[in-house]
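Here's the structure we're looking at; comments come further down.
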Amino acid sequence: MQLGVNVPNFGPGTDPGVLREAARLAEELGLGVLMVSDHVAVTPDVAERYPEPFYEPFTTLSWLAGLTTRVRLGTTVLVLPYRHPALVARMAANLHQLSGGRFVLGAGVGWARQEFEALGVPFTARGRLTDECLGTLRAARAAGRPEGDVPLWIGGHSEAALRRAARFGDAWHPLRLSLPQMRAVLRRHALPGFAPRIALRVTGAPVAAPDRPAGVGTLDQILDDLDQLRLLGADTVVLDPYHGDPEETRRPDAAWRALTLVATHWSTRS
């Protein structure tokens, strides 16, 4: 099982130098994937957690592809209704080809109502629009076109999202759930694969809360979480060191230390 990282591509402390350093560290640690988030119009509901500057994911990953050689590059998650399905398919295929087959398209329906309004996309139609885009990508795969080579990880944990993952995805890509939540879903649903994104917060004392998110706790707790996810069939686990405060982006070294600690210890167990 590989580890990956979700890198903030937003916030007051993020700039090209920080993104370049994140990519360098990901390759140095031998991580399997480096992923970034997606927003187009940073409306007030988005800006509370993901403020400007916000580096657009396809542009950012294309640039990082030229700075890296091994690590896969992906979106966690691209909001599919924001872009025309043909445009998504073309950009995904081109990035996959130009990076040497290293792109992973993590996809979801989105949540920011104000952003949908700013883009002129009906919020209530986001599920249908997402399915249309995924259908376009799957049709490309069936036809043998380059767009079909891109791995699809489907985000979300609603019943609709799980049906979408089973129908269109190569993997279910839940975001920041607890182990009991993920275990319960996997017991109920036959899903094509499993590649969760979990929190990354190393604490000095054990976290005993029954709803503790996976990835939050002492080093031993986090390593045990990773062992449990491997037993559940995870192929890749993406570690997310961002916890919702944009000021965190001014202190990226704290996130990189936690990532290095976990990745280094995990490499000796796997």
Nearest-10 value in Å² for the accessible area of Glu147, using the 1.4 Å probe: 30 Å²
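What is the dipole size for the chain, taken about its Cα centre, with +1 at each Lys and Arg Cβ and -1 at each Asp and Glu Cβ, in debye to the nearest 20? Could the numbers behind the result be given before it?
On the way: 29 positive and 28 negative charges, 168 e Å.
Dipole size: approximately 800 debye.
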Relative contact order %, the chain, counting alpha carbon pairs below 8 Å whose residues are six or more apart: 21 percent
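Find the Cα radius of gyration of segment 59-107, compare it with 2.2 N^0.38 Å by division, and give the number to two decimals. The partial results should precede the final answer.
Values: Rg = 10.5 Å, N = 49, 2.2 N^0.38 = 9.7 Å.
Scaled against compact globular proteins, the figure is 1.09.
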Residues whose placed amide H lies under 5 Å from that of Val238, excluding near-sequence neighbours: Gly4, Arg197, Ile198
Student exercise, segment 227-267 dipole from Lys, Arg, Asp, Glu Cβ charges, in Debye to nearest 20: 140 debye
Furthest towards positive pole of dipole, Pro146, Gly110, Thr124, structure part segment 81-156, Cβ charges: Pro146
Residues of segment 192-264: accessible area per residue with a 1.4 Å probe, Å²: 43 Å²
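Using a simple charge model, +1 on the beta-carbon of Lys and Arg, -1 on the beta-carbon of Asp and Glu, nothing else, what dipole does segment 114-257 show about its Cα centre, in debye to the nearest 20?
Taking the Cα centre of segment 114-257 as origin, the dipole is about 460 debye.
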Cut-off 14 Å (backbone N to label point 7 Å along Cα→Cβ of Glu117), residues of segment 62-91: none
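I need to check one value: relative contact order of segment 1-154, counting alpha carbon pairs closer than 8 Å and at least 6 residues apart, in percent. Can you show the working numbers first?
Working: 250 pairs, mean separation 35.2, N = 154.
Relative contact order of segment 1-154: 23 percent.
Given a Förster distance of 22 Å, report the FRET efficiency between Asn94 and Arg20 from their Cβ-Cβ distance, rounded to the nearest 0.05. Intermediate results must be reported in sequence, preceding the final value.
On the way: r = 22 Å, r/R0 = 0.99.
In this case the efficiency is close to 0.50.
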Rg over Rh [alpha-carbon atoms, Kirkwood Rh] for the chain: 0.94
Fraction of beta bridges assigned by DSSP in segment 162-270 that are antiparallel (%, nearest 5): 10 percent
Share of carbon and sulfur in the accessible heavy-atom surface of the chain [1.4 Å probe, %]: 53 percent
R0 of 22 Å, Cβ-Cβ distance Thr268-Leu231: FRET efficiency to nearest 0.05: 0.75
Antiparallel %, DSSP beta bridges [both residues in the chain], to 5: 5 percent
Spread of Cα-to-Cα distances over 10 Å intervals beginning at zero, given as percent, for segment 97-240: 11, 35, 32, 19, 4, 0
Label point distance in nm, Glu132-His84, each placed 7 Å from Cα along Cα→Cβ: 1.2 nm
Distance between segment 207-237 and segment 105-148 - C-alpha centres, whole angstrom: 30 Å
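Below 9 angstrom from the Cβ of Glu147, what's the summed charge of the other residues (Lys, Arg +1; Asp, Glu -1)?
Numbers: positive: Arg90, Arg141, Arg145; negative: Asp149.
In short, +2.
State the extension gain, in nm to one decimal, for the chain segment bounded by Leu261 and Arg141, taking 0.36 nm per residue of separation less the distance between their alpha-carbons. Let's see the in-between values first.
Numbers: separation 120, 0.36 × 120 = 43.20 nm, distance 3.88 nm.
Between Leu261 and Arg141, full extension yields 39.3 nm more.
Got the relative contact order for segment 148-270 handy, in percent, Cα pairs under 8 Å and 6 or more residues apart?
Details: 181 pairs, mean separation 24.8, N = 123.
Worked out over segment 148-270, it gives 20 percent.
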Cβ-based charge dipole, segment 1-135, positive-most Cα from Pro44, Thr60, Val33: Val33
Computed label-point distance, nm, for sites Leu67 and Asp253 using a 7 Å Cα→Cβ extension: 1.9 nm
log10 of Debye I(q)/I(0), alpha-carbon scatterers only, for segment 1-159 at 0.08, 0.10, 0.12 Å⁻¹: -0.22, -0.35, -0.51
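The values are calculated or read from the model by the stated rules, or taken from the named source; none is laboratory data. Remember, predicted model here, so these are calculated numbers, not experimental data. Cβ atoms come from the backbone with ideal geometry, glycine included; neighbour counts cover every protein chain shown. Accessible surface areas use protein heavy atoms only, side chains included; no ligands, DNA or RNA. Shrake-Rupley method; radii C 1.70, N 1.55, O 1.52, S 1.80 Å.
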